[in-house]
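For reference, the structure is listed below as structure tokens.
The values are calculated or read from the model by the stated rules, or taken from the named source; none is laboratory data. Just so we're clear, the structure is a prediction, and the values are computed from it rather than from any experiment. Every residue, glycine as well, gets a Cβ built from its backbone with ideal geometry; the counts of neighbours run over all protein chains shown. In case anyone asks, the SASA skips ligands and DNA or RNA and just uses the protein heavy atoms, side chains included. Shrake-Rupley method; radii C 1.70, N 1.55, O 1.52, S 1.80 Å.
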Amino acid sequence: MLIRDVTPDDWPLIWPFLHRICAEGETFSYPTDMAEEQGRAYWLLDAPGRTVVAVEGGAVLGTAKMNPNQMGNAAHVSSASFMVDPAHSGQGVGRALCAEALRWAGEQGYRGMQFNAVVASNTPAVRLYTSLGFRVIGTVPEGFRHPRLGYVGLHIMYREL
Ligand SMILES: CC(C)(COP(=O)(O)OP(=O)(O)OC[C@H]1O[C@@H](n2cnc3c(N)ncnc32)[C@H](O)[C@@H]1OP(=O)(O)O)[C@@H](O)C(=O)NCCC(=O)NCCS
């Protein structure tokens with residue numbers, strides 16, 4: 001598996017699983033009926049942000065975007081988002097993408113990384129982030145309306161760099 005910067009040719013391979021993950025509505029606060037152009041605008045970032053793909057043999061296994069979490073005098077804290085094709089989940093792709101985001105953020109001089117909206121019921125994501133040194137610094141009670149579980153907490157997770 002190789003992690004590299006995204007190119008425009010990657011988008012048609014990203015959109016099917018990004019669309020599916022958003023439509024399922026269990027893990028992201030994006031619109032569940034998001035149009036493809038909106039998805040592209042959300043996901044493919046220009047500098048100072050960055051979008052990467054994890055690829056293997058011509059397939060896109062997953063993708064991550066990373067960016068300053070705020071502007072101005074709060075721009076020294078980064079953020080990132082991850083999506084792994086469900087067909088390739090549980091194989092270390094998410095961990096590799098998160099490690100790359102942390103590496104990039106450190107290289108860029110960010111002082112921390114913050115995840116603004118981690119759905120409390122998203123056990124794979126919470127476990128992955130915790131294992132990489134993030135902690136829950138606050139939870140919006142009932143901040144997310146899960147399609148099966150009803151209202152669940154929405155964590156803010158943070159890690160110093
Ligand atoms: C969350 C996500 C990025 C994890 O990616 P992944 O490639 O499946 O995860 P990995 O195989 O790299 O596993 C990394 C860690 O995640 C956790 N994890 C992964 N799958 C898990 C599962 N089914 N149950 C519990 N923990 C799980 C474990 O801590 C695992 O570490 P380990 O293998 O050392 O035990 C991926 O499931 C995904 O894209 N989900 C949908 C979108 C999403 O939730 N994005 C994050 C939003 S905050």
- Filter result (part of a helix (DSSP H, G or I) and aliphatic (A, V, I, L, M)) within the stretch 66-79: 74
- Select from the stretch 14-58 the residues that are more than 13 Å from the ligand (Cβ to nearest atom), assigned to a helix (DSSP H, G or I) and acidic (Asp, Glu) and list them in ascending order. 36, 37
- Taking the condition farther than 25 Å from residue 132 by Cα and either among the aromatic types (Phe, Trp, Tyr) or surrounded by 14 or more Cβ atoms within 10 Å (Cβ to Cβ) (or both), does residue 33 pass? no
- Note on the structure: Expected single match for under 14 Å from the mean Cα position of the chain (by Cα) and basic (Lys, Arg) among 145, 95, 111, 103 is 95
- Scan the stretch 111-123 for residues that are open to solvent by 30 Å² or more (accessible area, probe 1.4 Å) and of a type outside the set (S, T, N, Q) and jot them down. 111, 117, 120
- Of all the residues that make up the stretch 1-13, how many are out of contact with any helix residue (DSSP H, G or I) (no Cβ under 7 Å at 6 or more places or on another chain) and in a helix (DSSP H, G or I)? 5
- Message: One residue is enough: does the stretch 46-63 have a residue meeting the conditions closer than 14 Å to residue 3 by Cβ, open to solvent by 70 Å² or more (accessible area, probe 1.4 Å) and among the charged types (D, E, K, R)?
- Response: yes
- Message: Take residue 136 and tell me if it is open to solvent by 40 Å² or more (accessible area, probe 1.4 Å) and either more than 14 Å from the chain's Cα centre (by Cα) or not acidic (Asp, Glu) (or both).
- Response: yes
- In the stretch 64-75, residues that are over 18 Å from residue 2 (Cβ atoms) and surrounded by 15 or more Cβ atoms within 10 Å (Cβ to Cβ) total 3
- Query: Within the set of pairs 6+ apart or on separate chains, which have a first residue in the stretch 100-126 that is modelled with pLDDT of 95 or more and among the acidic types (Asp, Glu), a second that is more than 7 Å from the ligand (Cβ to nearest atom) and open to solvent by 40 Å² or more (accessible area, probe 1.4 Å), and C-beta atoms under 6 Å apart?
  - Reply: 100/3
- Note on the structure: Residue hits (the stretch 80-135; more than 12 Å from the ligand (Cβ to nearest atom), in contact with a His (Cβ under 8 Å, 6 or more places away or on another chain) and outside any strand (DSSP E or B)) are 109, 110, 111
- Message: Condition check: touching a Gly at 6+ places or on another chain (Cβ under 9 Å) and either among the acidic types (Asp, Glu) or assigned to a strand (DSSP E or B) (or both). Does residue 144 satisfy that?
- Response: yes
